[in-house]
Amino acid sequence: MTEGNGHVIDPAGEARRALQAAVAAHGTQALSNAVIVDEICRDRLGGLPGEAILIGSAARSDVPALLRERIGREGTYGAIQSVAATLAQAHALDLAASLWVVREFARALGFVASGGTQPTASEMGSWSGAGSGAGGLTDQGDAMAPGGAAPPGGSAGGGPVGGGPPGGGPPGGGPVAGLTPGRPPGRWAPSRNVLGIAAAIALVAVYLGVAAAAHVSPFPAKTVASSTSQGQGQSSVGNPSPVGSPDPAPDPDPDPDPDPTPPSPFDTLLNMIPSSVQGTSNNCSNNGTAFGATAVADCTGLQGLAATAIIYYLFSDTGALSNGFSAFLTKSDFPASAQSCTTNSQFSAFITNCRDTYTSTSPATSGFVAEYVDKDNDPVIVSTDSRQLVMAVLIGTNDANLLAYWQPLQWINS
């Protein structure tokens, strides 16, 4: 980075590929796990500390869960803007920086078409500042003004985020929290070379307009109609935009890719269920919703597992997950007062009518767990995964085998 130039966000697509690698290795739930995300950022983004900070902040705010929650009612791009505003406020980030990272999370989750691993020129944002600083953030296509409109004095695709005074001005937006190196960004001003080029282009455009009106070379009379259409992009008197601007406003859509249909809650839930449970004959069927869940998968006829059946419930947030767990136990006539499931803080044996919490380091998650025997005298373990907002009901025939199967969390994708 040289004096007066901004630092382009993820110029070689390394951050985008890191997010895609995380999903490929650990599933979409990895983007909600700050431990996994931080490790991948350390391994792959050592030269991009700013991007790593933004990605880590997005994981800690569980951007995937926020997107899933809002896409249904706000649409893909409305949800991206809404979640970006929430992320920016929560971590004191610049809004444009938040828009970039939320957009990349949405892309890795499949909500936005991938478009390859190399960002295009219209998708790259930049942190602009003086010298080697990283002050205010501008965006060249990803972070649009609301509704896709161009900010005052700039084009929709190339103007500073937050707009500026008519005719262009200093980029909008404040410094990105945690990324400012300690001195204020330099005053924004176009270089003399840029002004010279713009002036030359303006003179050529004026000449071409006059030539077209007079039917002189290179505009004979029979080509007046086509030359008029070519001149439609020129500014009229009073328009602060330079005549013949080399950067016409692009399509207001921040992403030329088509807006893909977001996966259904049931499809999202299936991605969290291990292939050993789903089997080759699709053991898991859509069982609607229950106990406040957004989707229910009933997996039966399991072969070679300690569980003969597992029922999965997907919830929208942690509050709904906790309420669903309690509602299920109430419906199952689970006693109101139950003993602890652990002995010396260990789940060493199946204990009938016990209820407790658990914490796992591999995979890194936690939740509630309860054990009881159903009316058919079969052992049942009910547990939640707070990381992925899933509750699972495991039904077996041997209590010790069922507990041994549950303990390494084989019932959920890590």
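The values are calculated or read from the model by the stated rules, or taken from the named source; none is laboratory data. Owing to the predicted nature of the structure, the values given are computational and were not obtained by experimental measurement. As a convention, Cβ positions derive from the backbone with ideal geometry for all residues, glycine included, and neighbour counts pool all protein chains shown. Ligands, DNA and RNA are excluded from the accessible area calculation, which covers all protein heavy atoms including side chains. Shrake-Rupley method; radii C 1.70, N 1.55, O 1.52, S 1.80 Å.
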The correct count of residues that are in a helix (DSSP H, G or I) and either in contact with a Ser or Thr (Cβ under 6 Å, 6 or more places away or on another chain) or open to solvent by less than 40 Å² (accessible area, probe 1.4 Å) (or both) in the stretch 85-104 is 13
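Would it be correct to say that Ser82 is buried (at least 22 other Cβ atoms within 10 Å of the Cβ), small (Gly, Ala, Ser) and in contact with a helix residue (DSSP H, G or I) (Cβ under 6 Å, 6 or more places away or on another chain)? Quick ask: steps written out before the conclusion?
Details: buried (at least 22 other Cβ atoms within 10 Å of the Cβ): no; small (Gly, Ala, Ser): yes; in contact with a helix residue (DSSP H, G or I) (Cβ under 6 Å, 6 or more places away or on another chain): yes.
Taking the combined requirement at face value, the residue does not satisfy it.
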Going through (1) surrounded by 13 or more Cβ atoms within 10 Å (Cβ to Cβ); (2) in contact with a Lys or Arg (Cβ under 9 Å, 6 or more places away or on another chain); (3) farther than 21 Å from Asn413 by Cβ one by one, Ser366 fails only at (3)
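Would you list the helices (runs of 4 or more DSSP H) that sit entirely within the stretch 224-297 and hold 1 or more residues that are modelled with pLDDT of 90 or more?
Working: elements: 224-230, 265-270, 275-278.
It comes to 265-270, 275-278.
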Could you check how many residues of the stretch 311-327 are open to solvent by less than 40 Å² (accessible area, probe 1.4 Å) and assigned to a loop (DSSP other than H, G, I, E, B)? 1
Which residue, of Thr330, Thr342, Thr308, is surrounded by fewer than 20 Cβ atoms within 10 Å (Cβ to Cβ), more than 34 Å from the chain's Cα centre (by Cα) and without any contact (Cβ under 8 Å) to a residue 12 or more places away in the chain? Thr330
Quick one: count up the residues across the stretch 286-305 that are open to solvent by 40 Å² or more (accessible area, probe 1.4 Å) and farther than 22 Å from Leu402 by Cα. 6
Just a yes or no: is a residue in the stretch 57-78 crowded, with 20+ Cβ neighbours inside 10 Å, in contact with a helix residue (DSSP H, G or I) (Cβ under 6 Å, 6 or more places away or on another chain) and without any contact (Cβ under 8 Å) to a residue 12 or more places away in the chain? no
Would you check if there is a residue in the stretch 379-396 being part of a strand (DSSP E or B), open to solvent by 20 Å² or more (accessible area, probe 1.4 Å), closer than 29 Å to Pro265 by Cα and in contact (Cβ under 8 Å) with a residue 12 or more places away in the chain? yes
State which residue pairs qualify: first residue free of Cβ contacts under 8 Å to residues at least 12 places away in the same chain and inside the stretch 84-113, second residue assigned to a helix (DSSP H, G or I) in any location, beta carbons under 8 Å apart, and separation of 6 or more residues or different chains. Ala88/Leu95; Ala88/Ala97; Ala88/Ser98
How many residues are farther than 29 Å from Ala293 by Cα and touching a Leu at 6+ places or on another chain (Cβ under 6 Å) when one looks only at the stretch 52-87? 1
Restricting the stretch 14-56 to residues that are over 15 Å from Arg103 (Cα atoms) and basic (Lys, Arg), the residue that is least open to solvent (accessible area, probe 1.4 Å): Arg44
